[in-house]
Amino acid sequence: MSRSSVRPLVFDLDGTLIDSRGDIAAACNHALNSAGLPTLSVSQISAHVGNGARALLHGVLTELTDPPPALDERTLFAAFQSYYLSHPTDYNAHLPGVETALALRAGRPIALCTNKPAHLTESVLGSLGWLDRFDSIVAPEPDDPVKPDPALLLRVASELRVAPSSLIMIGDGPQDIGAGHAVGAHTIGLKGGFLPLSRLIGAKPHVLLDSLLALPAYLQSLD
């Protein structure tokens with residue numbers, strides 16, 4: 001079977017390929033400190049990961065017991081971005097099976113589709129040395145819709161020149177599964193992500209895998 005005839009893989013980033021909770025929390029806490037606000041735990045911050053950086057910060061503010069009434073979220077977001085761009089992978093860890101998963105590119109196209117803003121995605125991937133490891137990298141620019149909206153996955157399909165329904169969307173969050181369902185893609189949910197497993201199950205992926213280590217064998221059964 002030729003590389004062009006197999007279904008492309010589309011990976012989410014945070015919680016799927018990398019454990020970025022420490023870096024995201026450090027950037028959030030820097031922003032909170034810059035506004036004179038108390039810091040939060042990694043678990044409190046991670047509960048709001050998945051819908052993009054602006055939604056993350058808005059969610060983080062709901063964790064504060066006494067937020068200031070006139071907080072400028074744009075200033076907070078700027079502080080978050082500035083820190084994250086300078087410290088993209090200080091605490092990053094690869095999730096189990098990530099190198100095995102990325103090596104699948106030898107036999108089929110692979111893409112990255114993340115809700116992380118495009119410039120932050122580029123910074124993280126550059127720090128990891130991963131900018132050339134995907135056939136397509138799609139991340140939102142300001143005001144772009146994010147997963148579960150299908151727009152980002154449709155861009156992936158367009159860049160790969162395939163039908164959206166031929167994609168295999170792999171992610172740890174309900175956003176990934178929802179976007180996959182929206183374009184008719186096959187969806188693979190990965191356990192062990194940032195959000196409660198019940199939320200991933202509730203999104204109804206076609207299959208749940210314990211980790212990326214199980215991906216090659218599953219793909220063999222699917223193909």
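Remarks
- Structure-based [θ]222 nm, the chain - -39500 (n - 2.57) summed over DSSP H runs of at least 4, per residue, nearest 500: -11500 deg cm²/dmol
- Dipole magnitude of the range 21-86, debye to nearest 20 (Cβ charges: Lys/Arg +1, Asp/Glu -1, about Cα centre): 140
- Annotation: extensible slack from Arg54 through Glu122 equals 22.7 nm (criterion: 0.36 nm per residue apart, minus Cα-Cα distance).
- Here the extension length gained between Ala35 and Ser82 equals 15.5 nm, from 0.36 nm per residue of separation less the Cα-Cα distance.
- Taking the C-alpha atoms only, the angle from helix 53-62 to the longest principal axis of the chain is near 50 degrees.
- Only beta bridges with both residues in the chain are counted; by DSSP, about 10 percent of them are antiparallel.
- Cα long-axis angle, helix 73-86 against the chain (0 to 90 degrees, to the nearest 10): 60
- From the alpha carbon centroid of the range 112-136 to that of the range 177-212 is 21 Å.
- In the chain, the longest principal axis of the Cα atoms and the axis of helix 21-34 are about 20 degrees apart.
- For percent of Cα pairs over 23 Å apart, calculated from these coordinates, the label among (i) 45; (ii) 56; (iii) 52: (i)
Values in this text are rule-based calculations from the coordinates and carry no lab data. Source: prediction; values computed, not measured. Note that we place each Cβ from the backbone using ideal geometry, even for glycine, and neighbour counts take in every protein chain shown.
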